[in-house]
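Student: One structure coming up, written as C-alpha cells, with questions to follow.
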Amino acid sequence: MEIQTKLKWEEFESLFGTWAYKFKPFFDSGALDRIYAFLKKEGRRGKKIAPLSFDTWRCFKETSYDELKVAIFGLSPYHTFRKGLPVADGLLMSCVNGGKLQPSLEKFYEAIERELYDGLHLTYEKTLDTSYLARQGVLMGNISLTCEMNKAGSHIALWEPFMKYLLEEVLFGTGVPIVFLGKEAGKYEKYVPPFTWHFTVSHPANSSYMNVDWETDGLFRKINKILKDSNGYEIQWLKTI
C-alpha cells in the first residue's frame, strides 16, 4: 500500500502569491494532497506533465488577488512539448517556453483587434507572454492547471474540486466578470456565484483548427464596459508598441 505524504503549507504558501490566505482552507482540507499524490504517481510512471511544476500556480502569482479585475479560464495548458519541455508556461495561452506564437493565441489577438480597434491601424506586439494582461488584473487560468503530454484536458476531473472551491469560495463577493473559453470550460458556470457577470464563448483554439476567425460576441467590449461602469477601469487587451 502506497503511503501518501501530507504536503507542508510552508512549502506551498509562496507559490500561491497574494492568494495564499484564500487557498489555505482548501489546502488544510487535504484536497490538494490528493491532487499532488496523483501527479507524483504519474511522474513516477514516466508521464510528462505540463506545465513545469514551478509554473503550475503562475497565474495566481502574476495577478494580485487585491487587484483582480476579471478571470478568464480556458480548458487546460498546452499539451505539446518542445525539446523535451512543455510549451505551457502557467498562463492561459502564453507560450514563451515554446518560442513560437501558438495558433490559438494568434486568433485571440486578431479577434481583439477586429472587435476593439477595427480600422484604427493599431500597432501592437503579438507577444508570446500574456503576463501583460495578468499584471493588469486579468487572471489568465485554465479549469485544469495541469495535463499530460499530448492529452489535452486529461486532468480536468483532477482539478475540478479546486475549481469549484475557487469559483464558489474565493471569487465569491469579488464581483469580477468571469469568462469561460469553450464548451467544456463553460460547464463550470454551475459554480459561478449568484449575481456575477459570466460569459461563455468558443475557445480560439477551435477557430485555429477550422482556420476561421474567432468570434468574440463583443466579449472584450462588454467586459471593459462593466469595469468602466463599476470603477472607471479598462483593460488594454493588446500590447501596443
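Student: Here are some residues: ILE223, ILE156, ILE235, ILE178. Which one is among the aliphatic types (A, V, I, L, M), touching a Lys or Arg at 6+ places or on another chain (Cβ under 8 Å) and surrounded by 15 or more Cβ atoms within 10 Å (Cβ to Cβ)? Give the steps one after another, and end with the answer.
Tutor: Working: ILE223 fails: touching a Lys or Arg at 6+ places or on another chain (Cβ under 8 Å); ILE156 fails: touching a Lys or Arg at 6+ places or on another chain (Cβ under 8 Å); ILE178 fails: touching a Lys or Arg at 6+ places or on another chain (Cβ under 8 Å).
So the residue among ILE223, ILE156, ILE235, ILE178 that is among the aliphatic types (A, V, I, L, M), touching a Lys or Arg at 6+ places or on another chain (Cβ under 8 Å) and surrounded by 15 or more Cβ atoms within 10 Å (Cβ to Cβ) is ILE235.
Student: So is GLU168 touching a Gly at 6+ places or on another chain (Cβ under 8 Å) and either surrounded by fewer than 20 Cβ atoms within 10 Å (Cβ to Cβ) or of a type in the set (Val, Ile, Thr) (or both) or not?
Tutor: Working: touching a Gly at 6+ places or on another chain (Cβ under 8 Å): no; either surrounded by fewer than 20 Cβ atoms within 10 Å (Cβ to Cβ) or of a type in the set (Val, Ile, Thr) (or both): yes.
No: the conditions fail for GLU168.
Student: Please go through the stretch 97-126 and pick out each residue that is under 29 Å from GLY84 (Cβ atoms), crowded, with 17+ Cβ neighbours inside 10 Å and not charged (D, E, K, R).
Tutor: Those that are under 29 Å from GLY84 (Cβ atoms), crowded, with 17+ Cβ neighbours inside 10 Å and not charged (D, E, K, R): ASN97, GLY98, GLN102, SER104, LEU105, PHE108, TYR109.
Student: Against the definition (touching a Ser or Thr at 6+ places or on another chain (Cβ under 7 Å) and surrounded by 21 or more Cβ atoms within 10 Å (Cβ to Cβ)), how does LEU133 come out, yes or no?
Tutor: Numbers: touching a Ser or Thr at 6+ places or on another chain (Cβ under 7 Å): no; surrounded by 21 or more Cβ atoms within 10 Å (Cβ to Cβ): yes.
So LEU133 fails the test.
Student: In addition: Looking only at the stretch 19-32, filter to residues that are in contact (Cβ under 8 Å) with a residue 24 or more places away in the chain and exposed (fewer than 14 other Cβ atoms within 10 Å of the Cβ); which one of those is nearest to ASN150 (Cα to Cα)? Spell out how you get there, then give the answer.
Tutor: Taking the stretch 19-32 first, the residues in contact (Cβ under 8 Å) with a residue 24 or more places away in the chain are 19, 22-23, 25-26, 30-32.
Still in the running and exposed (fewer than 14 other Cβ atoms within 10 Å of the Cβ): 25, 30.
Values: PRO25: 33, GLY30: 29 Å.
For the stretch 19-32, the residue satisfying everything is GLY30.
Student: Being on the phi > 0 side of the Ramachandran plot and either open to solvent by 10 Å² or more (accessible area, probe 1.4 Å) or hydrophobic (A, V, I, L, M, F, W, C) (or both) narrows it down to one of LYS47, LYS83, so name that one. Lay out the reasoning, then the answer.
Tutor: Details: LYS47 fails: on the phi > 0 side of the Ramachandran plot.
None of the other options fit; the residue is LYS83.
Student: Here is a further query. List, please: which pairs have Cβ atoms under 7 Å, are six or more places apart or on different chains, and start with a residue in the stretch 169-195 that is in contact (Cβ under 8 Å) with a residue 12 or more places away in the chain and end with one that is of a type in the set (Lys, Arg) and open to solvent by 20 Å² or more (accessible area, probe 1.4 Å)?
Tutor: VAL170/LYS22; VAL176/LYS69; TYR191/LYS164
Student: If you don't mind, there's one more thing I want to ask. I'm told LYS47 meets every condition in (1) outside any loop (DSSP other than H, G, I, E, B); (2) among the basic types (Lys, Arg); (3) in contact with an Asp or Glu (Cβ under 8 Å, 6 or more places away or on another chain) except one. Can you identify the failing condition by its number?
Tutor: For LYS47, the failing item is (1).
Student: Oh, and also: Starting from residues that are farther than 18 Å from LEU227 by Cα and among the aromatic types (Phe, Trp, Tyr), keep the ones in the stretch 181-213 and report whichever is most open to solvent (accessible area, probe 1.4 Å).
Tutor: Only one residue tops the list, namely TYR209.
Student: Among the numbered criteria (1) of a type in the set (S, T, N, Q); (2) over 26 Å from PHE38 (Cα atoms); (3) open to solvent by 30 Å² or more (accessible area, probe 1.4 Å), which single criterion is violated by ASN150?
Tutor: Only one criterion is unmet by ASN150, namely (2).
Student: When residues of the stretch 196-241 are filtered for being assigned to a loop (DSSP other than H, G, I, E, B) and touching a strand residue (DSSP E or B) at 6+ places or on another chain (Cβ under 8 Å), how many remain?
Tutor: Going through the stretch 196-241 one residue at a time, the tally reaches 10.
Yes/no per residue for (1) assigned to a loop (DSSP other than H, G, I, E, B); (2) out of contact with any Asp or Glu (no Cβ under 8 Å at 6 or more places or on another chain); (3) touching a residue at least 12 places away in the same chain (Cβ under 8 Å):
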site	(1), (2), (3)
GLU13	no, yes, no
PHE16	no, yes, yes
LYS40	no, yes, no
PHE60	no, yes, yes
PRO77	yes, yes, yes
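Student: Additional query: Evaluate the following for GLU13: is it of a type in the set (Asp, Glu), over 23 Å from TYR188 (Cβ atoms), modelled with pLDDT of 95 or more and over 12 Å from the mean Cα position of the chain (by Cα)? First the steps, then the outcome.
Tutor: Working: of a type in the set (Asp, Glu): yes; over 23 Å from TYR188 (Cβ atoms): yes; modelled with pLDDT of 95 or more: yes; over 12 Å from the mean Cα position of the chain (by Cα): yes.
For GLU13, the condition - of a type in the set (Asp, Glu), over 23 Å from TYR188 (Cβ atoms), modelled with pLDDT of 95 or more and over 12 Å from the mean Cα position of the chain (by Cα) - is met.
The values are calculated or read from the model by the stated rules, or taken from the named source; none is laboratory data. Keep in mind it's a predicted model, so treat the numbers as computed, not measured. Please note: Cβ atoms are built from the backbone with ideal geometry, for glycine as well, and neighbour counts cover all protein chains shown. Accessible surface areas use protein heavy atoms only, side chains included; no ligands, DNA or RNA. Shrake-Rupley method; radii C 1.70, N 1.55, O 1.52, S 1.80 Å.
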